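What follows draws every value from the coordinates through simple rules; no lab data is involved. These figures come from a predicted structure and were not determined experimentally. Using ideal geometry, Cβ is built from the backbone for each residue, glycine included, and neighbour counts are taken over all protein chains shown.
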Amino acid sequence: MKFPSPSSAEAVIAVSGLSRHFGSKAALDDVSVFVPRGSVLGLVGENGAGKTTLIKHLLGALKAQAGGVRVFGLDPVLNPVGVLGRVGYLSERRDLPGWMRVDEFMRYTQAFYPRWDEHYAGQLLEQFQLDPAQKLKTLSQGQQAKIGLLTSLAYRPELLILDEPSSGLDPVVRRDILEAIIRMVAEEGRTVLFSSHLLDEVERVADHVVMLQRGRVVLNGRTEEVRRSHILAVLAFAEPPATAPVLAGAHAVAGYGSEWRVLFGGSRLELEAAAALVGARVVEERTPTLDEILVARAGGKGS
Amino acid sequence: MNVGRLAWPTPTGAMLWEIWGRHKLNLCWQGIALATSVCLVHWKEQGAPKDVAPLLVLFSSLCFLGAYLSLLACFGYIEVDAWGVRLSFPGRLLLKPVSTARLVLVPMFFGGLVIVTSFAVWTELVLRHLGNIAALDRLWISAVLLSFFWWMQVLAWGLPLVKGRMLVVGVLALIHFLVWRLPQMPRTALSGWQWPILAASLASAVPAAWLGLKLMRQGRWEGPLRISRLWSRLRFARARGRRRRFGSAFGAQFWLEWRRQGWLLPGISGGMALLMVPCILIGFKLVGVGTGPSETNLRAELILPLLLLPLVISVLLGSVLAKFDRLHATDELPIYLAVRPMTNGGFVMAKLAMALATSALTWLITVAAFFCLALLGKGTLFSKAGLVTPYGPVAFMTGCVPVLLLLVIWTWINLVAGIGAGLTGRAWIGGAYMFSRVVLLDALFVLAGSAMENVNFRATLLHWLPGILLVCLAAKLGVSVAAFVGGLRRNAITASGAGWIIGGWLGCGLLLAGYAGFVCHAINQRGLWIWVALAGFLMLPLANLAIAPLALAWNRHR
Amino acid sequence: MQLRISVQDGAPIYQQIVEQVKYLVAAGRLKPGEDVPPIRVLAEQLRINPNTVARAYLELEREGLVTMRQGFGTTVAQVKSLLPRREKLRLLAEPADLLLTHARHLNVGLEDVIKLLRERDAAMLSESCK
């Protein structure tokens with residue numbers, strides 16, 4: 001399997017042409033993602049866009065039907081021990097063994113990883129304010145996320161994969177988790193891949209952003225470049241159009257009367273050209289946030 | 001889009017429609033079981049061959065039991081979700097604007113109706129032909145079943161958090177069993193009171209259920225019980241003193257398997273052996289059965305069931321062992337296990353080790369129960385041992401050791417028999433495997449039976465048997481080698497894991513062959529030895545265990 | 001050093017850090033020779049990617065505002081204790097644009113705006129004297 005990428009030698013995650021079908025539905029369609037060492041990748045998309053499916057392929061829980069997946073240069077299906085020993089994973093559904101106590105779960109996980117740092121684990125336990133005597137099934141949702149994160153961070157994995165780490169959590173817990181992640185990123189050579197719906201978190205923390213829509217990669221690049229490749233502009237029409245104007249390259253068009261707001265994918269020159277074609281001029285513009293880009297692209301209005 | 005209309009648009013109708021919708025498939029199976037039983041019984045009545053008749057009776061009885069037990073579950077609101085099996089009233093119904101009385105009466109009344117009607121139908125069509133049940137008896141049994149069903153519901157709804165619920169169910173079943181046999185028992189103080197007792201049981205069940213549900217609705221059962229929290233703290237405090245790390249990943253996985261499933265076999269089998277035997281003895285003493293010499297006979301008769309108990313229960317538990325979390329809703333590998341850096345072979349080895357430890361513990365408990373039984377009555381242990389064999393008590397004790405080892409191995413074989421099929425995580429494979437095993441066993445029984453009676457058949461069988469056995473052994477070795485090679489290539493199993501499995505197979509096989517040789521020499525049947533040894537090697541699981549890591553890989557990487 | 005990062009802003013995060021540090025130095029809240037928080041600490045505090053902070057610090061070093069030394073952390077540069085006048089005026093350009101836009105919108109002339117500025121300055125002076 002060829003993995004053509006400029007930095008493939010250094011790529012911690014190399015997904016190339018991955019496709020996956022569940023019955024007739026295509027969950028992933030020709031997805032290619034490369035994550036270099038030491039970077040933070042944010043995976044965004046609507047519910048059901050294929051984020052969890054992609055993550056499961058990285059862990060070997062799903063076998064690639066077409067295309068290839070390599071983590072640390074190894075196939076996670078053929079070499080689960082080699083890959084999983086260096087990966088920390090926090091699942092979206094926090095599937096934990098409810099009958100275990102917190103300390104039992106930590107002891108159990110510790111046995112699998114020779115690089116477990118007991119001192120660090122104790123620090124995290126104190127910082128997250130978890131009671132080691134409590135059973136996992138009596139923990140609240142935030143506490144479950146915290147213990148899941150603790151047992152993924154304590155052995156200092158080279159790659160941390162987080163599936164919706166902040167889902168369903170209050171702002172205080174979210175802050176704790178984000179701080180723990182950033183502390184880990186600040187250490188040499190750690191890579192993080194996380195999927196999230198909280199796009200302001202993704203903008204703050206992610207170096208690269210990959211947006212999935214219906215199983216396809218629609219955006220892939222550095223966070224600022226992705227933002228700067230879009231323009232949120234207000235177009236003024238000489239004559240109010242009867243229906244919503246259609247612009248080539250616009251992802252969303254909304255408004256009323258003679259002023260319409262447009263989220264455009266392209267450079268300013270292209271925007272002016274497209275606007276001129278429909279008889280409008282640009283009166284206001286700014287760089288949109290990732291949130292606005294995602295909603296606009298997901299809405300699917302325009303082209 | 002037309003959403004559709006409920007046939008009976010009242011809360012009662014909605015509740016019944018939900019139960020019907022949830023258990024549609026189950027009721028389908030009921031119909032099939034009934035039809036099968038009717039056909040079998042008809043065949044028996046029309047004149048089936050003599051030796052097939054008991055099998056037909058057995059099969060029909062099993063159909064009845066299976067169908068009836070699942071019917072009991074239908075109206076009990078047993079639900080399975082992400083956290084496991086929930087045997088309590090579903091919370092979503094408690095939030096509806098419906099009175100507690102209605103919530104209680106609908107499943108109890110309609111459930112009871114279905115239970116009684118179903119029993120009447122089964123009796124009329126099937127059970128009548130299997131045994132003699134008088135009309136009055138039918139009413140009595142229906143009433144006992146109804147009482148048992150209602151009290152099961154009371155238990156499920158009124159005590160949702162009680163941990164020893166299985167024990168309570170067992171006690172409930174035992175009480176109802178005794179009540180059922182009340183008319184048959186010799187005259188005691190309780191005779192003549194049977195109907196009032198049953199009536200009292202039925203009458204108190206409904207208010208008890210109502211009270212339990214009312215308390216649940218008021219949130220009395222929210223959160224862990226104080227006792228449970230206290231117990232958890234005590235265990236944590238005790239563990240603090242000996243907080244040690246697991247030596248290896250294998251040790252941690254073994255601990256997990258032991259905590260989850262390890263206690264099942266010793267608990268059930270050993271518990272039954274240690275508790276039920278004295279209970280039955282005391283019960284019989286109370287009712288005045290078996291004094292004097294018949295007492296010794298009685299105890300001797302209990303020995304065989306005691307020995308068979310672990311073996312039978314291990315067969316039943318075999319399919320449970322393949323699961324990692326027996327209360328997990330699906331058969332998929334739980335995520336906290338799937339992301340551990342452990343080979344599939346490692347998981348399998350932990351299960352095998354746990355099964356061995358479990359068998360050993362169970363037999364230790366059974367031997368202890370055995371001793372208790374032997375201690376009762378006159379004479380010392382030694383004198384009783386001397387009664388069993390002419391070689392003296394010491395020889396008896398030493399002779400027991402290899403037998404015990406073989407029994408442990410046999411139980412272990414039963415436990416791990418379904419592991420290859422169960423670990424695939426596909427329920428239909430497990431079911432198909434179990435079905436094929438039952439068919440195979442039946443076929444063997446039929447063959448053996450025919451061989452006993454028909455001399456010609458026996459001669460032909462003995463002529464072909466050696467070839468058949470050798471072919472089977474060759475096939476077993478071939479499949480195992482292929483599975484091991486495939487597993488090693490795909491990193492599903494390490495070389496040391498494969499070594500342990502092969503070594504275990506050879507070691508146990510040699511142990512069995514050695515003991516068989518000794519026994520055959522003692523009873524002067526030297527020719528038989530080679531066939532017993534061969535059969536031993538065939539019975540010990542090798543291909544099954546070789547396939548297991550690949551099966552788990554198929555489950556883990558979907 | 002207290003910074004505020006807004007994701008809603010059009011500007012990239014590292015640029016916001018650079019601008020705010022420049023402002024703090026100009027306002028005298030960051031004295032020359034004072035230590036600036038290490039990259040990890042600032043990243044944790046602001047909950048942003050440490051690479052972004054590193055980039056901001058590199059930019060500041062390039063412009064001569066801070067000096068980064070291996071093992072001793074990052075300090076505000078001694079030499080350029082004050083920003084050149086044109087840098088300061090550049091920093092003021094944006095709020096000035098905002099004020100002028102408002103004034104134009106409300107139809108207030110430039111002379112009135114200048115008078116207002118003098119009044120507000122006098123008021124602030126008397127406030128700080130108290």
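With both labels modelled 7 Å from their Cα along Cα-to-Cβ, the B:Trp195 to B:Leu311 distance reads 4.6 nm.
Label sites at B:Ala35 and B:Ser436, each approximated as a point 7 angstrom past Cα along Cα to Cβ, lie 2.6 nm apart. Our coupling estimate for region B:480-497, obtained by passing each phi through the Karplus curve with A = 6.51, B = -1.76, C = 1.60 and θ = phi - 60°, is 4, 4, 4, 5, 5, 4, x, x, 5, 5, 8, 6, 7, 8, 8, 4, 5, x Hz, Gly and Pro reported as x.
Put simply, the C-alpha atoms of region B:437-556 give a gyration tensor, and the ellipsoid matching it has half-axes of 32, 19, 11 Å, longest first. Is the C-alpha gyration tensor of chain C telling us rounded, prolate or oblate? Criteria: a/c under 1.5 is rounded; beyond that, a/b larger than b/c is prolate, otherwise oblate. Judged from the Cα gyration tensor, chain C comes out prolate (a/c at least 1.5, a/b above b/c). Normalising the average separation of contacting C-alpha pairs (under 8 angstrom, six or more residues apart) by the number of residues puts the relative contact order of region A:157-303 at 22 percent.
This ranking places A:Met211, B:Met539 by how few other beta-carbon atoms lie within 10 Å of each, fewest first, which gives B:Met539, A:Met211. Only alpha carbons enter this Debye calculation for chain A, each as an equal point scatterer, and the log10 of I(q)/I(0) it gives at q = 0.10, 0.12, 0.13, 0.15 Å⁻¹ is -0.63, -0.84, -0.94, -1.15.
Taking θ as phi - 60° and the Karplus parameters 6.51, -1.76 and 1.60, the scalar couplings of region A:50-60 work out to x, 5, 5, 4, 4, 5, 5, 5, 5, 8, x Hz in sequence order, x denoting glycine and proline.
In region A:1-101, inverting the average of 1/r over every pair of distinct C-alpha atoms gives 14.6 Å as the Kirkwood radius.
Relative to one another, the C-alpha centroids of region C:84-121 and region B:470-516 are positioned 88 Å apart.
Set against the 2.2 N^0.38 Å expectation for a compact globular protein, region C:85-129 has a Cα radius of gyration ratio of 1.33. When DSSP beta bridges are restricted to pairs lying wholly in chain A, around 70% turn out antiparallel.
Look at where the Cα atoms of region A:210-258 and of region B:405-463 average out, and the two centres are 68 Å apart.
With both residues required to sit in the protein assembly as shown, DSSP beta bridges show an antiparallel share near 75%. For the pair B:Ile523 and B:Ala459, label points projected 7 Å from Cα toward Cβ lie 2.5 nm apart. Between C:Gly64, C:Gly33, C:Gly109, the GNM of chain C built on Cα springs shorter than 10 angstrom shows C:Gly109 fluctuating the most. Is the shape of the protein assembly as shown rounded, prolate or oblate, going by the alpha carbon gyration tensor and its root eigenvalues a ≥ b ≥ c, with a/c under 1.5 for rounded and a/b larger than b/c for prolate? It comes out prolate by the Cα gyration axes. Across the cross-link table entries A:Lys25/A:Lys56; C:Lys22/C:Lys88; A:Lys137/B:Lys351; C:Lys31/C:Lys88, which are compared at the Cα atoms, the separations over 21 Å belong to A:Lys137/B:Lys351.
When the square roots of the Cα gyration tensor eigenvalues are ordered a ≥ b ≥ c, the ratio a/c for region B:506-548 is 1.5 or more and a/b exceeds b/c, which makes its shape prolate. As a length-normalised measure over Cα pairs under 8 Å and 6 or more apart, the relative contact order of chain C settles at 21 percent. Here the Gaussian network model covers chain C, with springs between Cα atoms less than 10 Å apart; of C:Lys31, C:Lys22, C:Lys115, C:Lys115 fluctuates the most. Note on B:Arg558 and C:Leu110: with the Förster distance fixed at 56 Å, the Cβ-Cβ geometry gives a FRET efficiency of about 0.20. Take the alpha-carbon centre of region B:88-126, take the same for region A:10-33, and report the distance between them in whole Å. That distance is 49 Å. Proximity of backbone amide H atoms, modeled 1.01 Å from N, is registered between A:Tyr155 and A:Asp117 at under 5 Å, excluding neighbours fewer than 5 places apart on the same chain. What residue among A:Asp29, A:Asp95, A:Asp207 shows peak mean-square fluctuation when chain A is described by a Gaussian network model with Cα springs under 10 Å? For chain A, modelled as a Gaussian network with Cα springs under 10 Å, the answer is A:Asp95. For B:Lys323, the aspartates and glutamates whose Cα falls under 15 Å of its own Cα, not counting residues fewer than eight places away in the same chain, are B:Glu257, B:Asp331, B:Glu332. Look at the alpha carbon pairs under 8 Å that are at least 6 residues apart: their mean separation over the length of chain A gives a relative contact order of 19 percent.
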